[in-house]
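Single-structure report; data block below.
The values are calculated or read from the model by the stated rules, or taken from the named source; none is laboratory data. Source: prediction; values computed, not measured. No Cβ is skipped: glycine too gets one built from the backbone with ideal geometry, and neighbour counts run over all protein chains shown. The protein model used for the area step is the full one, side chains on, heavy atoms only, and it has no ligands, DNA or RNA in it. Shrake-Rupley method; radii C 1.70, N 1.55, O 1.52, S 1.80 Å.
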Amino acid sequence: MIEIKNLSKHFDSASRVDALQNVNLTVEDGDICGIIGMSGAGKSTLLRCISMLETPTEGSIEIDGKDIFSLKGRELLELRRQMGVVFQGYNLLMQRTIYKNIAFPLELVKTPKQELEKRVGELLELVGLSDKAQMYPAQLSGGQRQRVAIARALASNPKVLLCDEPTSALDPLTTRSILKLLQQINRTLGVTILIITHEIGVVRSICNRVAVIEAGSIAEQGKTEQVFANPQSQAAKQLLDTAF
Amino acid sequence: MIENLDMLLNGTLETLYMSLTSVVFAYLLGLPLGVLVVSTAPHGIHPSRRLHTILGWIIDIGRSIPFIILIVDLFPLTRAIVGKIIGPTAAVVPLVVAATPFVARMVETSLEEVDQGVVEAARTMGATGWEIICKVLLPESVPSLLRGMSITTITLIGYSAMAGAIGSGGLGDIAIRYGMHRYDGAMMNITLVLIIVIVAVIQLGFNRTAARVDRRLR
């Protein structure tokens, strides 16, 4: 379970930017939760806080009751292994083969060779890229690269998968296949998934819960069908309106 | 004529010896220095404004000193290390001192080119700073590092010719002695052609290697 409490994040650049203001959000185990908002609403900052790439100015994030920003050393590493992150730009190592990319997180924790080979083999099969193991990212299409990124994020058997606009750079057909893969991962492996997106279709097709974010705050949250059937906030109404 | 051929061959070998030896030592010192500069940068793996600024100063000062003056300035150091101040081995000392800050900046530029997103991805997987350097930054920038190395090598060939002015040996030395002091234009031009050939071969070699190892191009 991920519990975000009173989370705020300010950036002190030329002028103060309030990227997140008093965000409260709970994601239950097994959920596929969509966080939807327009560009600049603060959704990526929220995900960057959960993945510990940013430190919030105020508030806390607890995963299974543990405050993630209080962890150090081994515990922090252990927590990182429980979270996989998938990025919009894939962020693969361009000079490593697909096999080696997926093996990367396993190398970091010094996984024995045999176990590593077995695990990478399983992951390649899961994302349907067994025949591409010895190719390089530049030789793959966008959708295939995102599959590699998903396999890499799953390598350490995480409980949570954080996806930052995972399909925003992909065409509709590829988007659907990636979403199907995420849904399959959620159902068969029981991985909790948090998806940041600006596409209403992504939320509609796989998210059982949704949070609408606007100007750094959660405008509305709840079960997807409820929010979609009866949007309360201006932001949610706007997002649903633009879909048609 | 045979005498001259012998001298030119010897000069070529001395030029290669001076520049290649200097490249090796300059990278032994400049590569870690460049990595340190990148790591201590404000958005680096281990930000340290103080160290970053100090290193920047040292590098910039090193790069500001005209090479011919650096050679003279370093006579005491050269004598202490090599035992003499003329000849190709003695020239290696100022060449390394001149090239190290240059290499550090080259390495810095190459490592800065690595996509920040990839570094962040590694960080979310729990990679330590050291692992990010060894498993992400350096391997990902190998093609760029090789291109930087070709620029360094060719610059050092130019510098080694300059060292000829104070008797380092090598093709530059021959060009200065025959061309400048004896007005032997033919001899000077032959050395010039030899240097051009060396530079062309080195450039080609590095370009081919960089293209072959770069996995982004396929």
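Just checking, which of A:G37, A:G65 is modelled with pLDDT under 95, assigned by TED's automatic domain parsing to the domain that holds A:I218 and open to solvent by less than 20 Å² (accessible area, probe 1.4 Å)?
Being modelled with pLDDT under 95, assigned by TED's automatic domain parsing to the domain that holds A:I218 and open to solvent by less than 20 Å² (accessible area, probe 1.4 Å) holds for just one of A:G37, A:G65, which is A:G37.
Would you check if there is a residue in the range A:123-132 being more than 14 Å from every other protein chain (Cβ to nearest Cβ), among the small types (G, A, S) and surrounded by 18 or more Cβ atoms within 10 Å (Cβ to Cβ)?
no
Select from the range A:158-208 the residues that are within 25 Å of A:R81 (Cβ to Cβ) and among the basic types (K, R) and write down the one among them that is surrounded by the fewest Cβ atoms within 10 Å (Cβ to Cβ).
In this case the residue turns out to be A:R187.
Given (1) touching a helix residue (DSSP H, G or I) at 6+ places or on another chain (Cβ under 8 Å); (2) farther than 19 Å from A:I32 by Cα; (3) assigned by TED's automatic domain parsing to the domain that holds A:L194, identify the lone condition not met by A:L123.
(3)
Can you pull out the residues in the range A:74-133 that are acidic (D, E) and within 28 Å of A:D29 (Cβ to Cβ)? Step through it out loud before you land on a result.
Filtering the range A:74-133 for residues acidic (D, E) gives A:75, A:78, A:107, A:115, A:117, A:122, A:125, A:131.
Once the filter is applied, which keeps residues that are acidic (D, E) and within 28 Å of A:D29 (Cβ to Cβ), the range A:74-133 yields A:E75, A:E78, A:E115, A:E122, A:E125.
If only one of B:M187, B:M149 is in a helix (DSSP H, G or I), out of contact with any strand residue (DSSP E or B) (no Cβ under 7 Å at 6 or more places or on another chain) and crowded, with 19+ Cβ neighbours inside 10 Å, which one is it?
Working: B:M187 fails: crowded, with 19+ Cβ neighbours inside 10 Å.
Checking each option against the conditions leaves just B:M149.
Going by what's in this entry, would B:P139 be described as part of a helix (DSSP H, G or I) and open to solvent by 10 Å² or more (accessible area, probe 1.4 Å)?
yes
Give just the number: which of (1) in contact (Cβ under 8 Å) with a residue 24 or more places away in the chain; (2) in contact with a Pro (Cβ under 9 Å, 6 or more places away or on another chain); (3) assigned to a loop (DSSP other than H, G, I, E, B) does B:V114 not satisfy?
Condition (2) is where B:V114 drops out.
Within the range A:168-182, does at least one residue satisfy the condition of being touching a strand residue (DSSP E or B) at 6+ places or on another chain (Cβ under 8 Å), at pLDDT below 95 and not small (G, A, S)?
No: the range A:168-182 contains no residue that is touching a strand residue (DSSP E or B) at 6+ places or on another chain (Cβ under 8 Å), at pLDDT below 95 and not small (G, A, S).
From the residues in the range A:55-94 that are assigned to a strand (DSSP E or B) and of a type in the set (A, V, I, L, M), which one is nearest to A:N157 (Cα to Cα)? Even if it seems obvious, please write down each step before you answer.
Going through the range A:55-94, the residues assigned to a strand (DSSP E or B) turn out to be A:58-63, A:66-67, A:83-86.
Going one step further and asking which of them are of a type in the set (A, V, I, L, M), we end up with A:61, A:63, A:83, A:85-86.
On the way: A:I61: 21, A:I63: 16, A:M83: 8, A:V85: 12, A:V86: 14 Å.
My answer is A:M83.
Return yes or no: is A:E225 open to solvent by 60 Å² or more (accessible area, probe 1.4 Å) and either part of a loop (DSSP other than H, G, I, E, B) or modelled with pLDDT of 95 or more (or both)?
no
Among the numbered conditions (1) touching a Pro at 6+ places or on another chain (Cβ under 8 Å); (2) surrounded by fewer than 18 Cβ atoms within 10 Å (Cβ to Cβ), tell me where B:A41 comes up short.
Result: B:A41 fails condition (2) only.
Which residue is surrounded by the fewest Cβ atoms within 10 Å (Cβ to Cβ), if the candidates are limited to the range A:40-62 and must be in contact (Cβ under 8 Å) with a residue 60 or more places away in the chain and more than 21 Å from B:A122 (Cβ to Cβ)?
So the residue we want is A:E62.
Within the range A:56-97, track down each residue that is within 11 Å of chain B (Cβ to nearest Cβ) and of a type in the set (A, V, I, L, M).
A:L76, A:L77, A:L79, A:M83, A:V85, A:V86, A:L92, A:L93, A:M94
Hey, B:P101 hits all of (1) modelled with pLDDT of 95 or more; (2) surrounded by fewer than 19 Cβ atoms within 10 Å (Cβ to Cβ); (3) of a type outside the set (A, V, I, L, M, F, W, C) but one; which does it fall short on?
B:P101 satisfies every listed condition except (2).
Taking into account only those residues within the range A:88-101 that are open to solvent by 20 Å² or more (accessible area, probe 1.4 Å) and within 16 Å of A:G142 (Cα to Cα), which is nearest to the chain's Cα centre (by Cα)? Break it down into steps so the answer makes sense when it comes.
Of the range A:88-101, the ones open to solvent by 20 Å² or more (accessible area, probe 1.4 Å) are A:88-90, A:94-96, A:99-100.
From what is left, the residues that are within 16 Å of A:G142 (Cα to Cα) are A:88-90, A:94.
Working: A:Q88: 9, A:G89: 12, A:Y90: 12, A:M94: 21 Å.
The residue in question is A:Q88.
Under 6 Å between Cβ atoms, at least 6 apart or on separate chains: pull out the pairs that start in the range A:2-15 with a residue that is of a type in the set (D, E) and end on any residue that is in a strand (DSSP E or B).
Filtered contacts from the range A:2-15: A:E3/A:T26; A:E3/A:E62.
Taking the criterion of being within 30 Å of B:R216 (Cβ to Cβ) and within 14 Å of chain A (Cβ to nearest Cβ), would at least one residue in the range B:148-163 satisfy it?
no
Is it fair to say B:F67 is in contact with a Lys or Arg (Cβ under 7 Å, 6 or more places away or on another chain), of a type outside the set (A, V, I, L, M) and surrounded by 15 or more Cβ atoms within 10 Å (Cβ to Cβ)?
On the way: in contact with a Lys or Arg (Cβ under 7 Å, 6 or more places away or on another chain): no; of a type outside the set (A, V, I, L, M): yes; surrounded by 15 or more Cβ atoms within 10 Å (Cβ to Cβ): yes.
No.
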